[in-house]
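Working notes, beginning with the structure itself.
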Amino acid sequence: MHELPQALPPALSCRDLSVAYGSRIVFEGVSLDIRAGHWTAVVGPNGSGKSTLLRTLAGLREPHTGSVSLQGRPLSTWTRRARARCLAWLAQSAGATELTASEVVALGRFAHGGWLAHRQAADDAAIRRAMVATGSLSWARRRLSTLSGGERQRVHLARVLAAEVPVLLLDEPTTHLDPPHQEEVARLLREQALAGVCVVSAIHDLSLALAADRLIVLGRHGLVGHGTIHQALTGDWLSVAFRTRVDIVDQQGVRLWRPALETVSGLGPGAPR
Amino acid sequence: MNALRPVLVDIGTVCTEAGSSHRLAMWVACCLGITLLLTFGSLIAGTSSVETSLGWLLSPDAQSSVILWQIRLPRTVGAWFTGALLGLSGAIAQGVFRNPLAEPYLLGTASGAALGVTISLIAADASLGGLAWIGKLGVTGAACVGAAAAIALTITLSRGVIETASLLLAGIVVGFLLSALMSLLLLAKPEIWRAMQIFMFGSTDFLSWSSTTLLAIVFCVCLIPALLLARGLDALTLGEDTAQSLGLSLPMLRLTLLGVVSLGTATAVGQVGIVGFVGLVAPHMVRETLSVNHRQLLIGAALCGGALLQAADLLSRWIIRPEELPVGAVTACVGGSYLVLLLWRRSRDA
């Protein structure tokens, strides 16, 4: 485990945040200080508002109550383009388009030039770096609609990385990826955090989420806890959030979620076959 | 001028983009070549024989010069600009609505223009006192005013341009409503039905150098903002939320581009009447043959739309010569057949 920087200010924070879809409150009273230089994973059961939290922090959804601040300034005071130069967001299911992979990644630099500006050498370098990092350079000229789900996801991840912003909000960045590529993405997010970026990712795979530096655990009606992995495990936040026993095992320093399959009839190791 | 530089450079360098640059350059050259051929064909096609027209071209006299350069040439050049405006508007509409079936008349412009022309014909036909000024607008003016009013009504009904679905729905409602109003007026004044037929099926017969100049100016006015905002349309293909997260202002993009679509469509309809399918089919023809971003698609759809309407115009004069078919009927046949072919190919490849 790497040393976590301690003295960095919160890159992203929210106070008493609540979000509602019509009369249904998704979560309420959420207050967070998310610091730069950390990879924070957001976990929780389906419908707990992981994606909604990220969208609200990204300024894509108006909160019902409460406020969001980016680098100490209220999000509402940022212009759209200035915000995009500071914060990048990856959707849970990014769309297929007829654009080529390199054109999609280049859109990550959209806010870096004006409407009339041309792509600079710095943009090209950032695009290439991001595509190399995600292993998507080899299909740079292929239409996104002709790529597989996993390949598409890596292109969208490259688009977000190409922005080279201090805050990354990623909604399920490992969707459609096979295990080796999930591992690569986890390594990539850790590298970004080590480089001082504030990385926040919603992840439904608990074992992968436990590879992060910190956890934001959401329950049915709001925040269960926000802290280090150790704090989350000591406080048994995951069991509280999922309202069932969540077993985490430590295998040579790697924490893994162990499904309690033996409690399901016929699937236990000693079950009659 | 500095602001225009990137656009001019983009038009120039659109063929040098990595990847499809060679095919795109070939495609653009092919479109321009076809346009030149069609222009030549339009010069020698008319009520007189081809031999006679060729003779006029080689040794023109005063009368043949008027026919060639004041009637036939502005007609085919005007048809090209009309088709280019419809192709461009169609590509923009499909990008803004993120719907491959979107077309330039989606906001009720066609019905609005038709109603405007109906009212203008009635006003010109009868002495209506206070409404006489409508008759003085002429068919072109009335069509433009009608199209603009329809768009204003659509945007008012959908309470702005934020919700794409509301905008589409409002456009459909306005289209039906204004068409119904026009039908009622035609029932009350059946004597204008013949004149309305020419407008409803479209006709390039009335295109002169002055209307062609107007079409050319509007085409340039529409093309420049469209190209400037093309990258915004690219971003929109990734979804509205992603586009906003990239720093795009959706209301500004939609309002500007729908303004461009409205101006282009209203001008085209005002000059040649309602010509269907060009705006819908031209972007598909580009997409089917090239892997393109929106900057390339907009230029391609304009070139393709221009050539399509020129070809339809030539066919409309040639099929039952010396009589003419309405150009809108030809575009409907050609465009409809192409869409059926496209559907068949897609279902075969699926």
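Derivation of every value follows stated rules applied to the coordinates shown; laboratory data play no part. Treat the numbers as computed from the prediction; the structure is a model and nothing was measured. Here the Cβ is made from the backbone with ideal geometry for all residues, glycine too, and neighbour counts use every protein chain on show.
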Original post:
P(r) of region A:122-273 in 10 Å steps, Cα pairs, percent per bin?
Top reply: 10, 33, 30, 18, 8, 1, 0
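Less than 12 Å Cβ to Cβ from residue B:282, Lys/Arg counted +1 and Asp/Glu -1: what total charge do the surrounding residues give? Walk me through the intermediate numbers first.
Working: positive: B:287; negative: B:103, B:288.
Surrounding charge for residue B:282 is -1.
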**OP:** About the Cα centre of region A:44-103, how large is the charge dipole given +1 on each Lys and Arg Cβ and -1 on each Asp and Glu Cβ? Please answer in debye to the nearest 20.
**Re:** 280 debye
Original post:
For residue A:126, what is the net charge nearby, where nearby means another residue's Cβ is under 14 Å from its Cβ and Lys, Arg count +1, Asp, Glu -1?
Top reply: +3
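Can you sort A:13, B:120 by how many other beta carbons sit within 10 Å, fewest first? Intermediate values should be presented prior to the final figure.
On the way: A:13 20, B:120 26.
With the fewest neighbours first, A:13, B:120 line up as A:13, B:120.
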**OP:** Using Cα pairs closer than 8 Å and at least 6 residues apart in sequence, work out the relative contact order for chain A, in percent.
**Re:** 24 percent
Original post:
By the gyration tensor of its Cα atoms, with a ≥ b ≥ c the square roots of the eigenvalues, what is the shape of chain B: rounded for a/c under 1.5, prolate for a/b over b/c, or oblate?
Top reply: oblate
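Taking Cα atoms of the protein assembly as shown, Rg/Rh with Kirkwood Rh, to two decimals?
Details: Rg = 29.9 Å, Rh = 27.6 Å.
Here the Rg-to-Rh quotient is 1.08.
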**OP:** Please identify, among B:239, B:141, B:108, the residue showing maximal mean-square fluctuation in a Gaussian network model of chain B using a 10 angstrom Cα cutoff.
**Re:** B:239
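How large is Rg over Rh for region A:130-215, taking Rg from the Cα atoms and Rh as the Kirkwood inverse mean of 1/r across Cα pairs? Walk me through the numbers before you get to the answer.
On the way: Rg = 12.5 Å, Rh = 13.2 Å.
Dividing the radius of gyration by the Kirkwood radius yields 0.95.
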Subject >> Rel. contact order, % - alpha carbon contacts under 8 angstrom, at least six apart, region A:2-90 >> reply: 33 percent
Subject >> Cα-derived Rg to Rh of region B:200-294, Kirkwood definition >> reply: 1.04
**OP:** Among A:89, A:39, A:257, determine the one that fluctuates most according to a GNM of chain A built with springs between C-alpha atoms less than 10 Å apart.
**Re:** A:257
Original post:
What residue among B:194, B:98, B:254 has the largest mean-square fluctuation in a Gaussian network model of chain B, using Cα springs under 10 Å?
Top reply: B:194
Original post:
How far is the Cα center of region B:20-98 from the Cα center of region B:175-202, in Å?
Top reply: 30 Å
**OP:** Taking the Cα centre of region B:170-320 as origin, work out the dipole magnitude from +1 charges on Lys and Arg Cβ and -1 charges on Asp and Glu Cβ, in debye rounded to 20.
**Re:** 140 debye
Original post:
What is the magnitude of the charge dipole of the protein assembly as shown about its Cα centre, with +1 placed on the Cβ of each Lys and Arg, -1 on the Cβ of each Asp and Glu, and no other charges, expressed in debye to the nearest 20?
Top reply: 440 debye
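Counting pairs of alpha carbon atoms under 8 Å apart in space and at least six apart in sequence, what relative contact order in percent does chain B give? Mind showing how you got there, number by number?
Details: 528 pairs, mean separation 101.5, N = 350.
Result for chain B is 29 percent.
Which net charge results for the neighbourhood of residue B:245, defined as the other residues with beta-carbon distances under 12 angstrom from its beta-carbon, given Lys and Arg at +1 and Asp and Glu at -1?
+4
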Subject >> Cα radius of gyration and Dmax for chain A (Å) >> reply: 19.4, 71
